[in-house]
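The values are calculated or read from the model by the stated rules, or taken from the named source; none is laboratory data. In this text the structure is predicted, and so the values were computed from the model without any measurement. We place every Cβ from the backbone using ideal geometry, glycine too, and count neighbours over all the protein chains shown.
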Amino acid sequence: MASLQSLLRETSNPLDRVEHIAHGHEWFIDRSAEDEVNMIVAATWGDMSISIHWREDFESLHIACSYDFKVPPARREEIGRLLNLVNEQLYFGHFDIWRQDGTVLLRNSLMLAGGARVTDAQCEALIRVSIETCERYFPSLQFVVWAGKSAEEALESSLLDTMGEA
């Protein structure tokens, strides 16, 4: 009976799938607890930290992604304005800034209410969308912090989509 309960617990925890996906991508992964997975992913703008938590009480996966990037206190208000503008554009997730240390992170969730089982495709999409969103908006953060741009200028400058071929 104990082995059956162990098997059910292993297969019902969506983080087992997340861990499997991370190994497939050869990402650094640390399963720090039964309900938490931490990964380091090589991204365009540097290494990205990804933390995924399984909240059994809410039946949801929660993802938080961030770069090793701290906003200096003097630029936090403008970054807050930028994040409000960015969040208006997002279909999934939202950006936050931690007041304590100026870390900017993207947060999103996957609800699995009613005992729904997560699929590999859902986990892949949750991670992929989070990475792509962070990658897309990271330059605008840099423009505000290091170039002293306003939120509007930074967003406009960083979201130039190229058309055609050179």
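Look through the stretch 84-106, keep the residues that are in contact with a Phe, Trp or Tyr (Cβ under 8 Å, 6 or more places away or on another chain) and touching a residue at least 24 places away in the same chain (Cβ under 8 Å), and return whichever of them is nearest to ALA151 (Cα to Cα).
Filtering the stretch 84-106 down to residues in contact with a Phe, Trp or Tyr (Cβ under 8 Å, 6 or more places away or on another chain) leaves 86-87, 95, 103-106.
If we keep only those that are touching a residue at least 24 places away in the same chain (Cβ under 8 Å) as well, we get 86, 95, 103-106.
Details: VAL86: 9, PHE95: 14, THR103: 17, VAL104: 15, LEU105: 17, LEU106: 17 Å.
Ranking the qualifying residues of the stretch 84-106, first place goes to VAL86.
Condition first: in contact with a helix residue (DSSP H, G or I) (Cβ under 8 Å, 6 or more places away or on another chain), assigned to a strand (DSSP E or B) and either of a type in the set (A, V, I, L, M, F, W, C) or more than 18 Å from LEU155 (Cβ to Cβ) (or both). Now tell me which residues in the stretch 88-107 satisfy that.
Within the stretch 88-107, PHE95, ILE97, VAL104, LEU106 qualify.
Please verify whether the stretch 56-72 includes one or more residues that are outside any strand (DSSP E or B) and among the aliphatic types (A, V, I, L, M).
Residues of the stretch 56-72 outside any strand (DSSP E or B): 56-59, 68-69, 71-72.
In the following step, the residues that additionally are among the aliphatic types (A, V, I, L, M) were identified as 71.
Within the stretch 56-72, one or more residues are outside any strand (DSSP E or B) and among the aliphatic types (A, V, I, L, M).
So if I check each of LEU126, LEU155, LEU85, which one is modelled with pLDDT of 95 or more, part of a helix (DSSP H, G or I), hydrophobic (A, V, I, L, M, F, W, C) and more than 14 Å from the chain's Cα centre (by Cα)? Give the derivation first.
Numbers: LEU126 fails: more than 14 Å from the chain's Cα centre (by Cα); LEU155 fails: modelled with pLDDT of 95 or more.
On inspection, the qualifying residue turns out to be LEU85.
Restricting the stretch 6-30 to residues that are in a loop (DSSP other than H, G, I, E, B) and surrounded by 11 or more Cβ atoms within 10 Å (Cβ to Cβ), which is modelled with the lowest pLDDT?
In the first step, residues of the stretch 6-30 are kept if they are in a loop (DSSP other than H, G, I, E, B); the result is 13-14, 26-27.
Filter once more, so that each one left must be surrounded by 11 or more Cβ atoms within 10 Å (Cβ to Cβ): 13-14, 27.
Details: ASN13: 87, PRO14: 92, TRP27: 94.
Only one residue fits best here, namely ASN13.
Tell me, please, whether a residue that is among the basic types (Lys, Arg) and within 29 Å of GLU59 (Cα to Cα) can be found in the stretch 77-93.
Step one: of the stretch 77-93, the residues among the basic types (Lys, Arg) are 81.
So of that shortlist, the ones also within 29 Å of GLU59 (Cα to Cα) come out as none.
No: zero hits.
Restricting to the stretch 110-141, give me the number of residues that are free of Cβ contacts under 8 Å to residues at least 40 places away in the same chain and either crowded, with 19+ Cβ neighbours inside 10 Å or over 24 Å from ASP16 (Cα atoms) (or both).
Counting residues in the stretch 110-141 that are free of Cβ contacts under 8 Å to residues at least 40 places away in the same chain and either crowded, with 19+ Cβ neighbours inside 10 Å or over 24 Å from ASP16 (Cα atoms) (or both) gives 1.
In this structure, is SER49 within 18 Å of TRP27 (Cβ to Cβ) and modelled with pLDDT of 95 or more?
Values: within 18 Å of TRP27 (Cβ to Cβ): yes; modelled with pLDDT of 95 or more: yes.
Spelling it out, SER49 is indeed within 18 Å of TRP27 (Cβ to Cβ) and modelled with pLDDT of 95 or more.
Out of the residues in the stretch 91-109 that are farther than 17 Å from PRO73 by Cα and small (Gly, Ala, Ser), state the one that is surrounded by the most Cβ atoms within 10 Å (Cβ to Cβ).
Here is the first cut: in the stretch 91-109, the ones farther than 17 Å from PRO73 by Cα are 91-95, 106-109.
Remaining after also requiring small (Gly, Ala, Ser): 93, 109.
On the way: GLY93: 20, SER109: 15.
Within the stretch 91-109, the match that is surrounded by the most Cβ atoms within 10 Å (Cβ to Cβ) is GLY93.
Against the conditions (1) within 18 Å of ASN38 (Cα to Cα); (2) assigned to a loop (DSSP other than H, G, I, E, B), where does ARG117 fall short? Just the number, please.
The single condition ARG117 does not satisfy is (1).
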